[in-house]
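Visitor: I have a structure I would like to understand better, so I am pasting it below and will then ask my questions one at a time.
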Amino acid sequence: MGKKVDTAKAGPKAKKGGKAPKAAVVKVVDKAAVPAKKAKMSRKEYDRELGKLHVELVKLQEWVKLKGLKVCVIFEGRDGAGKGGTIKAITERVSPRVFRVIALPAPTEREKSQMYAQRYLPHLPAAGEVVIFDRSWYNRAGVERVMGFCSEEAAQGFLNVVPLFEQLMVKSGIILLKYWLEVSPEEQTRRLASRIDDGRKIWKLSPMDLKSYDRWDDYTRARDDMFKATDSSWAPWFVARSEDKKRVRLNVISHLLKQVPYKAPPPMKVKLPKRKIGKYKAAEYPFKYVPERF
């Protein structure tokens, strides 16, 4: 397993002239400081806690709409770290018109010729939106760099520029949250292997996953370089341990709710109006009903 990064302290402040921050200090976390493995959480307990958080996410949604907030949430991590499941847990009970999930495919030939960040810009949030990126512009610091889809010069250039790009986002009023889901090699192997014979998950196992599987150390090195260069005071990285899928989802949602100040909007007094039924007789149309197999 790679070195764990202490991101508790915010990154360095920008120097005069708006230059990118210096590399953040990466500290090796002693194994003794890593929390002991907790007992498996029951589905009943998980559903109960998730239900409470869903209520708060709806309150957050209404506050974002009311105040015209712009929230951008980035999820990064290795293959099988649990990004998709965490995002699904966040968006399960909120409006897709407010919480938009962006998961871009591989760039087209035209997009490859554009300025790198260009294809991400149209997806940034407008007032009253929460945009969640399932992988983001940080592809250049991760998979593109490790798998040789970009030059080392392009990767280093990205790492130098992205803190300034994110500073512009924050100055424009965007609340930017960056999450890295950290998973062990053993747990990653278990999750990837479980996809092979599961018809519901086989689509998650791409050829790129297989090519990336034996590049653990390369991805660890790329992750560490990314943290050093982009863990800024205005856009820090938050690392969530993802060994337990249920716990990481609850932990991330709880943390997210604390990062966006919100209040419960005034309660809506809803009363169903009276309606009149029976003035119109339905036509005798030969409807093609779905067979009731269940």
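The values are calculated or read from the model by the stated rules, or taken from the named source; none is laboratory data. This one's a predicted model, so the numbers in the text were calculated from it and none came from an experiment. For neighbour counting, all protein chains shown are included, and Cβ atoms are generated from backbone atoms with ideal geometry for every residue, glycine included. Only protein heavy atoms, including side chains, enter the accessible area calculation; ligands, DNA and RNA are left aside. Shrake-Rupley method; radii C 1.70, N 1.55, O 1.52, S 1.80 Å.
Visitor: Just checking, which of Leu60, Leu50, Leu66 is of a type in the set (A, V, I, L, M) and either closer than 17 Å to Arg241 by Cβ or open to solvent by 20 Å² or more (accessible area, probe 1.4 Å) (or both)?
Guide: Working: Leu60 fails: either closer than 17 Å to Arg241 by Cβ or open to solvent by 20 Å² or more (accessible area, probe 1.4 Å) (or both); Leu50 fails: either closer than 17 Å to Arg241 by Cβ or open to solvent by 20 Å² or more (accessible area, probe 1.4 Å) (or both).
Of Leu60, Leu50, Leu66, the one residue that is of a type in the set (A, V, I, L, M) and either closer than 17 Å to Arg241 by Cβ or open to solvent by 20 Å² or more (accessible area, probe 1.4 Å) (or both) is Leu66.
Visitor: Out of the residues in the range 89-126 that are free of Cβ contacts under 8 Å to residues at least 24 places away in the same chain and acidic (Asp, Glu), state the one that is nearest to Leu66 (Cα to Cα). Outline the logic, then answer.
Guide: We begin by selecting, within the range 89-126, every residue free of Cβ contacts under 8 Å to residues at least 24 places away in the same chain; these are 96-97, 105-115, 118-123.
Next, from what is left, pick out any that are acidic (Asp, Glu): 109, 111.
Numbers: Glu109: 40, Glu111: 35 Å.
Ranking the qualifying residues of the range 89-126, first place goes to Glu111.
Visitor: Could you count how many residues in the range 168-179 are outside any strand (DSSP E or B) and under 19 Å from the mean Cα position of the chain (by Cα)? Walk me through how you get there before you give the answer.
Guide: Filtering the range 168-179 down to residues outside any strand (DSSP E or B) leaves 168-173.
After this cut, where a residue has to be under 19 Å from the mean Cα position of the chain (by Cα) as well, the list is 169-170.
Residues that pass the stated criteria total 2.
Visitor: Hey, among Val28, Val34, which residue is at pLDDT below 95, closer than 19 Å to Trp237 by Cβ and open to solvent by 70 Å² or more (accessible area, probe 1.4 Å)? Full working, then the answer.
Guide: Working: Val34 fails: open to solvent by 70 Å² or more (accessible area, probe 1.4 Å).
None of the other options fit; the residue is Val28.
Visitor: When you scan the range 180-262 for helices (runs of 4 or more DSSP H) that lie fully inside it, which ones turn up with 2 or more residues that are surrounded by 13 or more Cβ atoms within 10 Å (Cβ to Cβ), among the basic types (Lys, Arg) and modelled with pLDDT of 95 or more? Steps first, please.
Guide: Numbers: elements: 185-196, 207-212, 216-230, 245-259.
Counting at least 2 such residues, we get 216-230, 245-259.
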